[in-house]
Amino acid sequence: MAGPSLRPHVHWAQRHRELYLRVELSDVQNPDIAIADNVLRFRAQGHGAKGDNIYEFEIEFLEPVEPKPVCRVTQRQLNITVQKKESNWWERLTKQEKRPLFLAPDFDRWLDESDAEMELKEKEEEKINKMKIESRVPKDPFRHLKKGYLIMYNLVQFLGFSWIFVNMTVRLFILGKDSFYDTFHTISDMMYFCQTLALMEIMNSLIGLVRSPLLPAVAQIFGRNFILFVILGSLEEMQSKPVVFFVFYFWSIIELFRYPYYMLSSIGIEWKPLTWLRYSAWIPLYPLGGLAEAVCIVQSIPIFSETGKLSLGLPNPLNVTIQFSFLLQIYLIVLFLGIFVNFRHLYKQRKQHLGPKKRKMK
């Protein structure tokens, strides 16, 4: 059973705006600290100079203080911070002139008035310097406009590719393999719209609106548009082939994660599952998409050879024709180089966003 209440040793220090009290009690339990009528009342169970007991004290402050003290309990002591109502330097802590026996200066935190004024001056100078540095940074008057544009762009693209994905999925469940043969005629208008709009991503990178590297964006967008507009758009024979379904399907799945991620990033929001999908889904989808594009090109080569479409005839006396099918064979090499560029870029991004954080050296 605990004995009679005792006074603990209390050390104090001050700044112009704050008072610090350090109560020499360890293993403090149920501290009761309150300020009323400018008097701080303390009561707690703890281990002090007289062993494990109930300790209590009262301090009537010299000048008015705020009624809400901040208390922090550690294993060895208890710290109390009290805010002064006015910023000034007190000649003593208590209203009574004679210092109570349990109260002593905290020499670890003690400062003279001149030292405290110097500390306050340094803090004010640091604050002013920070404000000066911030004022030198030019504020972008179009920041909100740019953010609104990026949100709308990514939202429109997400909705467009979502429509493509949902439409193709529903038709696949209803029609089965028959949906492969009229994919182009059903989906091409929306795909034309989305891929034409995607050219804005190159412009966004060029003008510094986004931090994405230019080369991967150019490789992906021009590669897709070449397949869409040149291969599929100019050859009716290609538009009914099943490979079109796989090309469009893989393109749309990839964008279902990419555009929402960028839309949320533009307003400073990160959703971890979406971040993981953004930087992981490409691992199976990009090879499959690249393979579907390569198959599309291979199937179009004989058609371009037979029809001579898009072939380039040089003027006499050379009388030489450059077959477009030959250029497509060269483009197959370019396609895989473009895929390699994108793979390398996305792999670095994945390591940056999902890789283990490096520990700081001590």
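The values are calculated or read from the model by the stated rules, or taken from the named source; none is laboratory data. Nothing here was measured: the structure is a model prediction, and the numbers come from that model. Cβ: placed from backbone, ideal geometry, glycine included. Neighbour counts: every protein chain shown. Side chains are part of the model used for accessible areas, which takes the heavy atoms of the whole protein and leaves out ligands, DNA and RNA. Shrake-Rupley method; radii C 1.70, N 1.55, O 1.52, S 1.80 Å.
In this calculation the C-beta distance from GLU60 to GLN29 is compared with R0 = 35 Å, giving a FRET efficiency of 0.85.
Per-residue ellipticity at 222 nm from helix content only, as computed over the chain with -39500 (n - 2.57) for each DSSP H run of at least four residues, stands at -17000 deg cm²/dmol. Assuming charge only on the beta carbon of Lys and Arg (+1) and of Asp and Glu (-1), the dipole of the chain about its Cα centre is about 700 debye to the nearest 20. Of [x] -0.60, -1.14, -1.23; [y] -0.29, -1.27, -1.47; [z] -0.41, -1.23, -1.28, which one was derived for log10 I(q)/I(0) by the Debye sum over Cα atoms at q = 0.07, 0.14, 0.15 Å⁻¹ from the structure shown? From the options [x] -0.60, -1.14, -1.23; [y] -0.29, -1.27, -1.47; [z] -0.41, -1.23, -1.28, the structure gives [x]. Applying 0.36 nm per residue to the separation of HIS353 and TRP89 and subtracting their alpha-carbon distance, the gain on full extension is 90.0 nm.
Please work out the FRET efficiency for the pair ILE267 and TRP163, using the Cβ-Cβ distance as r and a Förster radius of 22 Å; give the result to the nearest 0.05. Present the calculation step by step, with values, prior to reporting the outcome.
Values: r = 23 Å, r/R0 = 1.06.
Working from the Cβ atoms, E equals 0.40.
Which pairs, out of LYS177/LYS351; LYS130/LYS348; LYS68/LYS130; LYS85/LYS123; LYS241/LYS309; LYS84/LYS123, put more than 27 Å between their alpha-carbon atoms? From the list (LYS177/LYS351; LYS130/LYS348; LYS68/LYS130; LYS85/LYS123; LYS241/LYS309; LYS84/LYS123), the Cα-Cα distance tops 27 Å for LYS177/LYS351; LYS130/LYS348; LYS68/LYS130.
Quick one: length gained pulling LEU155 to VAL295 fully straight, 0.36 nm per residue minus the C-alpha distance? It would help to have the intermediate numbers written out before the result.
Values: separation 140, 0.36 × 140 = 50.40 nm, distance 3.10 nm.
Result for the pair: 47.3 nm of gain on full extension.
Considering only ALA13, PHE158, PRO273, the residue lying farthest towards the positive end of the dipole of the chain is PRO273, judged by Cα position with unit charges set on Cβ. In terms of the mean number of neighbouring beta-carbon atoms within 10 Å, the peptides 171-180, 72-81, 212-221 order highest first as 212-221, 72-81, 171-180. If only the Cβ of Lys and Arg carry +1 and only the Cβ of Asp and Glu carry -1, the dipole of the stretch 10-112 around its Cα centre is close to 120 debye.
So, for the stretch 10-112, what is the accessible surface per residue at a probe of 1.4 Å, expressed in square angstrom? Display every interim value, and only then the final one.
Details: 6020 Å² over 103 residues.
I get 58 Å² per residue for the stretch 10-112.
Which of the GluC sites (Glu not before Pro) found in the stretch 262-355 are loop residues per DSSP with 11 or fewer other Cβ atoms within 10 Å of their Cβ? Don't jump to the answer; show the numbers that get you there.
Values: sites: GLU270, GLU293, GLU306; in loops: GLU270.
Those that pass, being in a loop and sparsely packed, are GLU270.
On the basis of the beta-carbon distance and an R0 of 22 Å, PHE193 and LEU310 show a calculated FRET efficiency of 0.40.
Gyration tensor over the Cα atoms of the stretch 10-112: the corresponding equivalent ellipsoid has semi-axes (square roots of 5 times the eigenvalues, largest first) of 22, 14, 13 Å.
At 0.36 nm per residue, minus the direct Cα-Cα distance, what do LYS146 and ASN225 gain on full extension? Give it in nm, one decimal, please. All intermediate terms of the calculation are to be shown ahead of the outcome.
On the way: separation 79, 0.36 × 79 = 28.44 nm, distance 2.59 nm.
So the extension gain works out to 25.8 nm.
Per-peptide packing, taken as the mean over residues of other Cβ atoms within 10 Å, places 84-90, 49-55 in the sequence 49-55, 84-90 from highest down.
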